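The values are calculated or read from the model by the stated rules, or taken from the named source; none is laboratory data. Please read all numbers here as calculations on a predicted model, not as lab measurements. When we count neighbours, we look across all protein chains shown, and the Cβ atoms used for this are built from the backbone with ideal geometry, even at glycine.
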Amino acid sequence: MKITRLLLAMMAVAVLFASCKKDDDDDEEVVPAMKRLVKVETVGDSYSQTDVYTYNDEGYVATHEYTYNSESSNNEKTTTYTHNENGEPIEWTQTGTGYGNGTTTANISSNKVIITKPSGSETEYTLNSNDRFSFQTDGTFDYDYFWSGTNLLRKEGLLSFKYAHDLSKDNVMPALGTSYWERSENLITKGWIYNYDDQSDMSLFVEYTFDFNADGTPATATMYNGFYSDDTFSVTYTYEEY
């Protein structure tokens with residue numbers, strides 16, 4: 001699913017993953033149950049955030065409810081999704097408080113995805129032969145994306161982003177901004193902001209340390225957020241079987 005893989009990486013910080021582990025007694029592989037994420041709760045002194053997902057009969061995310069609370073801001077948003085025959089999200093509508101309400105559409109072709117926001121502005125993504133995005137433009141700013149080992153980098157001139165991945169972990173969470181349930185090996189463990197011309201000067205802005213359930217799915221995590229460097233956030237994941 002091109003748009004799934006594209007927007008999965010776009011919202012990578014929010015993506016959670018599971019792995020198959022070995023049983024300590026008989027060394028047999030434990031196969032993860034057919035279950036999907038329905039809630040993520042993030043709690044810290046600076047803010048708290050809750051994400052709740054519902055699914056349709058085909059297994060695609062039908063709605064995403066988002067709640068954010070801090071001393072200075074309280075937002076509640078609900079996003080509903082429409083998919084094409086391939087299960088790719090082609091339209092999603094956001095309602096609620098805060099920025100971004102309205103309908104966003106996705107025009108998907110063989111090597112491009114064009115996202116049109118409620119304001120009418122467009123962002124175009126070019127995909128490579130592996131269906132991974134390699135270039136982004138919004139008519140004003142251009143961004144190059146590329147993989148270096150297990151790291152995904154986004155070049156933005158003076159300000160760039162770099163994400164470290166654990167490719168042994170399986171995704172069991174829908175990407176925010178998309179709406180598709182798909183396992184993939186792509187656990188993000190750290191993210192940095194840096195000057196592209198000087199990667200020695202990188203600033204850590206996100207890091208996850210996970211605790212796993214017996215079947216390998218994340219149960220809890222501790223999150224470091226560089227924008228709130230004096231705070232430590234706890235994350236809890238809730239699933240349902242299907």
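For this structure, a couple of remarks:
- For Leu153: the one exception among (1) under 27 Å from Thr209 (Cα atoms); (2) outside any strand (DSSP E or B): (2)
- Given (1) farther than 30 Å from Gly102 by Cβ; (2) of a type outside the set (D, E, K, R); (3) at pLDDT below 75, number of the condition Tyr239 does not satisfy: (3)
- For region 63-79, a tally of residues being at pLDDT 95 or above and more than 17 Å from Thr42 (Cβ to Cβ) returns 1.
- Count of residues meeting criterion [of a type in the set (Lys, Arg) and touching a residue at least 60 places away in the same chain (Cβ under 8 Å)] in region 112-163: 1
- Some residue of region 44-59 being in a strand (DSSP E or B), out of contact with any Lys or Arg (no Cβ under 6 Å at 6 or more places or on another chain) and among the hydrophobic types (A, V, I, L, M, F, W, C): no
- Single residue of Thr80, Thr103, Thr95 found to be buried (at least 16 other Cβ atoms within 10 Å of the Cβ) and either in contact with a helix residue (DSSP H, G or I) (Cβ under 7 Å, 6 or more places away or on another chain) or free of Cβ contacts under 8 Å to residues at least 60 places away in the same chain (or both): Thr80
- Filter result for Gly100 (within 19 Å of the chain's Cα centre (by Cα), of a type outside the set (Phe, Trp, Tyr) and farther than 29 Å from Tyr228 by Cβ): no
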